[in-house]
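The numbers here are math on the coordinates, done by the rules we state, and not lab data. All of these numbers come straight from a predicted model, not from anything done at the bench. Glycine gets a Cβ as well: all are built from the backbone with ideal geometry, and neighbour counts include every protein chain shown.
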Amino acid sequence: MLKIDVHTHILPKDLPDWKAKFGYGGFLTMEHDHSGCSRLIKEDGSLFREVEPNCFDSPSRIHDIDSTMVDVQVISTVPVLFSYWAKPEHGAEISRFVNDDIASTVERNPKRFIGLGTVPMQDVGLAIKELERGRDIGLVGVEIGTNINKANLGERRFDEFFAACEELGMAVFVHPWEMMGEDDMSDYWLPWLVGMPAETTRAICSLIFSGTLERFPNLRICFAHGGGSFHSTIGRITKGFTARPDFCAKDNDVSPVEYFKRVWFDSLTHDIETLKRLIGLAGSERVALGSDYPFPLGDLDPVRTILDSDLDDETKENIFNKAALSWLNIPSQRFTD
């Protein structure tokens, strides 16, 4: 049975000195040492994150995924490289660099990797131009953040971008970043444990309440981390929708619960009972295998998690490949011929 992991991250092996090139800071650099460990370094010289070779080296990734029974990875950048805060033309250049690296990785191993690009969402026109270029170099969609410099995805300024994704047939993967309230809960890793699920729910609700998903009914959009806390708070969200339509339903009168079967989610809930709850709401045909490889908060053996569960065989097959293939609009023969 084909197994596709839709949520994995990759970096270029080396990052340019964008500070020197663009004339201002805020960009990460990459340092390598002889131990095989590499470090993403902030402008002030402090460590942002250590990464292993599997974050940028294809043979290392393939070795890992072979050992965990994953056949295909959908690869996308690490959100810190979205660079939405940069000047638009510089964000576009960063996107081109990152996307060329992802496309090259896919080209070398087309049966093992599927590529999602990144685009400079701070300028919708430039984002669409890079979206089109990404399709031309073999990418099948894009990864975007849950907010764009604090702006919600449902703001009408992003309509033209979502229209282009729909028209071009490019899938969209929404990943949390710059979590709301992050500065107020910096201790105990709370932004990652509490902020990320809430941030993803913010994005989903914004796209629903704004009517964006009604305006673009053929948009194929998937949300990371099982959709965050959306499925666990849908009761409260729906109650608010019905109790205060003057606030919640003013731009879209379709109930939020209806959208579980109109979007996709990855399976990364870290708990099988939570995953069953999501499947019960969305259907397994809308839940695709996801790991967050290669980072420690992910599930580094995602296939085993599903195989060891008491989910039925049809549900497992949907999670392993059918949901991903429908979201990405890719035939399974691409990987079996």
Close lysine pairs (the range 206-337; alpha-carbon distance under 23 Å; 8 or more apart or on separate chains) counted at 9
Going by how many other beta carbons lie within 10 Å of each one, how would you line up E182, E89, fewest first? E89, E182
Under-5 Å amide H pairs with H7, H placed in peptide plane, nonlocal only: V74, S291, D292
What list of ³J(HN,Hα) values in whole Hz, one per residue of the range 171-187 in order, does the Karplus curve 6.51 cos²θ - 1.76 cosθ + 1.60 (θ = phi - 60°) give from phi, with Gly and Pro shown as x? 6, 10, 10, 9, 10, x, 6, 6, 4, 4, x, 4, 5, 8, 9, 6, 7
Extension length gain for K111 and M1 (0.36 nm per residue less Cα distance), in nm, is 38.1 nm
Non-local residues with an amide H under 5 Å from the amide H of E43, with H modelled 1.01 Å from N and Pro and chain starts lacking one, are G26
Hey, could you pull the Cα Rg and Dmax for the chain, both in Å? 19.1, 61
For the range 247-330, what size does the Cα cloud have along each of its three principal axes, sorted from largest down, in whole Å? 44, 28, 26
Helical contribution to [θ] at 222 nm, DSSP H n ≥ 4, -39,500 (n - 2.57), averaged over the chain, rounded to 500: -10000 deg cm²/dmol
Calculated from backbone phi, Karplus (6.51, -1.76, 1.60) coupling profile of the range 311-322 in Hz, x at Gly/Pro: 5, 6, 5, 5, 5, 4, 5, 4, 5, 5, 8, 5
From the residues V124, N252, I114, which one has its Cα farthest along the dipole of the chain in the positive direction, the dipole being from +1 and -1 charges on Cβ of Lys/Arg and Asp/Glu about the Cα centre? N252
With point charges of +1 on the Cβ of Lys and Arg and -1 on the Cβ of Asp and Glu, referenced to the Cα centre of the chain, which listed residue (A324, I75, M30) lies farthest in the positive direction of the dipole? A324
Please list, in chain and number order, the residues 5+ apart from V51 or on another chain whose amide H is under 5 Å from its amide H, with Hs placed from the backbone. S38, R39, L40
When the Kirkwood radius is taken over all Cα pairs of the range 118-185, what Stokes-Einstein diffusion coefficient follows at 37 °C and 0.692 mPa s, in µm²/s? 262 µm²/s
Dipole magnitude of the chain about its Cα centre, charges +1 at Lys/Arg Cβ and -1 at Asp/Glu Cβ only, in debye to the nearest 20? 700 debye
Report the charge-dipole magnitude of the range 84-224 in Debye, nearest 20, computed about the Cα centre from +1 at each Lys and Arg Cβ and -1 at each Asp and Glu Cβ. 440 debye
Cα lying deepest toward the dipole's positive end in the chain, options L139, A164, H225, charges on Cβ: A164
Let me know the whole percent of all Cα-Cα pairs from the range 100-149 that are separated by more than 13 Å. 55 percent
